[in-house]
Amino acid sequence: MPSLKRILSAPAVQRAIGVMAAEYLRLVYRTNSVVTVPSDIYERITTELPVIIAMWHGQHFMVPFIKRPEHRVKVLISRHRDGEINAVAAERLGVGTIRGSGAHGGDFHRKGGVGAYKGMLDALDEGFNVALTADVPKVSRIAGMGIIKLARDSGRMIYPVAVTSSRRYELDNWDRSTISLPFGRLVGVAGNPVRVAADASNEAQEAARLELQNELNSATARATAIADGKSESKSEGLSG
């Protein structure tokens with residue numbers, strides 16, 4: 001009898017799971033009311049496009065829905081088995097993919113990090129927004145230096161983004177994955193943008209990394225508070 005791992009590795013199975021995941025996320029989006037903070041974020045970023053969209057791992061499932069129809073977006077997805085499923089789901093939701101991931105030590109080349117980095121630079125140069133998780137691999141809520149170097153080398157702004165919902169299930173795993181549920185309120189928060197100069201020193205890059213980390217944590221906390229009804233006022237610029 002085939003093992004579960006072998007079954008899940010079959011391309012047909014991965015595609016079926018990816019399609020089901022995409023349609024579930026679409027159902028969640030369509031059955032939730034939507035709140036965007038700040039409400040004029042799309043107008044604010046018009047002159048900045050394309051941008052780099054940063055998010056925490058495990059909080060990324062609903063991020064495809066922040067894209068407007070006119071936006072061209074690609075997302076960085078690992079080559080891992082789960083990555084295949086995520087890639088199918090992303091493409092079904094209208095988001096292009098760049099395959100590869102960061103890693104510790106010598107795994108960077110094996111996991112396609114070099115090719116993925118070039119792919120992200122090329123995508124930004126071609127006018128695509130690029131979305132990726134900011135965490136150090138397998139270390140939750142600690143921003144890595146890769147996204148900072150991407151901003152430095154591309155000259156593009158990083159926008160930290162958090163999306164959560166009032167009805168959700170939080171998994172007890174390394175990245176604290178959040179599964180949003182239907183029939184609630186979906187909240188998306190964009191934090192203050194982070195820019196990295198082309199000639200940024202090591203110290204300046206580290207400062208930008210910490211700034212991004214703090215902005216992502218702040219956006220996540222704010223999105224959660226609004227979703228849970230603990231923080232909301234007309235002065236916050238809510239919409240949806």
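Miscellaneous remarks
- Residues located in the stretch 11-34, provided they are closer than 15 Å to residue 67 by Cα and in contact with a helix residue (DSSP H, G or I) (Cβ under 6 Å, 6 or more places away or on another chain): 22, 29
Conditions tested, residue by residue: (1) surrounded by fewer than 18 Cβ atoms within 10 Å (Cβ to Cβ); (2) at pLDDT below 95; (3) within 26 Å of residue 224 (Cα to Cα); (4) not hydrophobic (A, V, I, L, M, F, W, C).
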| site | (1), (2), (3), (4) |
| --- | --- |
| 1 | yes, yes, no, no |
| 4 | yes, yes, no, no |
| 11 | yes, yes, no, yes |
| 54 | no, no, yes, no |
| 76 | no, no, yes, no |
| 80 | yes, yes, no, yes |
| 84 | no, yes, no, yes |
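- Contact map, the stretch 134-147: residues that are at positive phi and of a type outside the set (Ser, Thr, Tyr) paired with residues that are buried (at least 17 other Cβ atoms within 10 Å of the Cβ) and outside any strand (DSSP E or B), Cβ distance under 8 Å, separation 6+ or inter-chain. Pairs shown: 141/56; 141/213; 141/216.
- Qualifying positions in the stretch 58-87 - part of a helix (DSSP H, G or I) and touching a Ser or Thr at 6+ places or on another chain (Cβ under 9 Å): 66, 81, 83, 84, 86, 87
- Candidate set: the stretch 169-186, residues that are over 18 Å from residue 218 (Cα atoms) and among the acidic types (Asp, Glu); chosen: the one surrounded by the fewest Cβ atoms within 10 Å (Cβ to Cβ): 172
- Criterion violated by residue 31 - all others in (1) modelled with pLDDT under 95; (2) in contact with a Phe, Trp or Tyr (Cβ under 9 Å, 6 or more places away or on another chain); (3) not hydrophobic (A, V, I, L, M, F, W, C) satisfied: (1)
- Hey, residue 7 farther than 20 Å from residue 181 by Cβ and outside any loop (DSSP other than H, G, I, E, B) or not: yes
- Count of the stretch 132-168 residues which are crowded, with 17+ Cβ neighbours inside 10 Å, within 15 Å of the chain's Cα centre (by Cα), assigned to a strand (DSSP E or B) and of a type in the set (Gly, Ala, Ser): 2
- Residue list for the stretch 11-57, restricted to those being part of a helix (DSSP H, G or I) and hydroxyl-bearing (Ser, Thr, Tyr): 24, 29, 31, 42, 46, 47
The values are calculated or read from the model by the stated rules, or taken from the named source; none is laboratory data. What you see is a predicted model, and the numbers here were worked out from it, not measured in a lab. Because the Cβ atoms are built from the backbone with ideal geometry, glycine has one as well, and the counts that use them run over all protein chains shown.
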